[in-house]
Structures are given as structure tokens and as C-alpha cells.
Amino acid sequence: MAGDPEALEETVSSSLEELDFPFEAQCRVALPDSARAFVVVDLPEIEDVIPEVRQRALKNGTLKDVRRTKAERNADYLHLIAGISLLLARTAIGAGPTLRRVHVAAYTQRRRRGSGLIADEYVYEVVFERQEVTGWSPATVDPAQVLLATAKSRLDLRDNGELKRIDPPEWMAELSTSL
């Protein structure tokens, strides 16, 4: 409660570790002071969480596999990863009573064109303020809309809903030793 950064970092880290996802997602936390938290999350790849086909019920009661469009898959993925950022921010704010701001940066692994090598690519960075986070109603909030409407978010969303690579956050270099 006194705002000791080390105690806050331990509390926030423990709270985030307790989150349970039905897929692999890892995050790291750093608190440069008692008012700010920096969270870096390794997102699941789209292929691992959003199937290429969905089932549709036919009039005769049978199910048919229907291929999803790229735009549908991208929209579902955006909703999922935006929801992750909201959950991380809300959990951090709840665990850290002195936190006023949570920075969330997310990356995923993608194959580089030409070389075929897999590399980490950041896809969004967003800053959530305590007042904003505590005002969300989990039953009605649309995570993608929050991510897109937050003034302090940085992402490159294409017309087909694909998130393109962005530069890592500036604060990553500053905090690389503590992350």
C-alpha cells in the first residue's frame, strides 16, 4: 500500500502469473516506480488459437465445416489479443493500488519473408490509465474497440484486420535489464 516498487512488482507479477489461459501466453513485468507498470506479453500465434474452419449447423441438423475468410480470422484474433491486454491491465491495476498507468506491449512470432526465419514482431503497444481500466464492465466492454479507441495505443491495423509489425516500444531499451 505504501508504493514500494519492489513489493509492487512482486505482487503484480504474482497476480499475472495466476491468470490461466487456454493457450500459451507469457508476460514479463517491470515497475520503474510506484505509479507505472510495463508489461510485455508474448501472444499466441494466430494459427494456434483461431482455426481456419468453423462449423455451421445445417437445416437437417448436421454440421458442415466452413472455411473462414482471412478477415474473419484476423477480427477474431484482434478481439482475443485485445482482450488479453485488457485483462493484463485490469489485473495489474487491481494488484497495484498505487499504479496509475499500465503500459502493455505485445509481440508474436512470425516468419520473415525471404529468409523464412522466425522472429518476434511487436503488434501493439497501449497505455491504460487507472480511471479508464476501473470503468470497464467486463460484461459489456468490447476489447477491440477499447484498444482501437485508446488515445495512447500504437498499432498498424490493415483493411483486412491484419496487425502489421510495429517498432518495439521506446521503454523496452530502458527496461531491458529488468524485464
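General remarks:
- Of N160, A35, I84, farthest towards positive along the dipole that unit charges on Lys, Arg, Asp, Glu beta carbons give the chain: N160
- Nearest-20 debye value, the chain charge dipole, Cβ charges on Lys, Arg, Asp, Glu: 1020 debye
- Taking the longest Cα principal axis of the chain as reference, the axis of helix 70-95 is set at about 20 degrees.
- When the Gaussian network model of the chain links Cα atoms closer than 10 Å, the mean-square fluctuations of P138, P32, P22 top out at P22.
- Straightening the chain between K164 and D48 buys 40.0 nm, computed as 0.36 nm per residue apart minus the Cα-Cα spacing.
- The alpha carbon centroids of segment 134-176 and segment 87-123 are separated by 9 Å.
- For segment 1-79, the solvent-accessible area with a 1.4 angstrom probe is 64 square angstrom per residue.
- Cut-off 13 Å between beta-carbons: net charge of the residues surrounding D156, Lys and Arg +1, Asp and Glu -1: -1
- Note on segment 88-179: Kirkwood radius taken over Cα pairs, Stokes-Einstein applied at 25 °C and 0.890 mPa s, translational D equal to 165 µm² s⁻¹.
- Subtracting the Cα-Cα distance of I118 and T62 from their residue separation scaled by 0.36 nm leaves 16.2 nm.
- Annotation for segment 71-152: trypsin sites (Lys or Arg not before Pro) lying in DSSP loop with at most 10 further Cβ atoms inside 10 Å of their Cβ are R113.
- Of L16, L117, L99, the residue with the greatest mean-square motion in the GNM of the chain, using alpha carbon springs below 10 Å, is L117.
- Along its first, second and third principal axes, ordered by size, the chain spans 63, 43, 28 Å in Cα coordinates.
- Within the accessible surface of the chain, defined with a 1.4 Å probe on protein heavy atoms only, the carbon and sulfur portion equals 48 percent.
- Additional length obtainable on full extension of the chain from R154 to T98, 0.36 nm per residue less Cα span: 17.7 nm
The values are calculated or read from the model by the stated rules, or taken from the named source; none is laboratory data. On a predicted model such as this, the values are computed, not experimentally measured, just so you know. Cβ: placed from backbone, ideal geometry, glycine included. Neighbour counts: every protein chain shown. Each accessible area value is taken on the protein alone, full model and side chains, heavy atoms only, with ligands, DNA and RNA left out. Shrake-Rupley method; radii C 1.70, N 1.55, O 1.52, S 1.80 Å.
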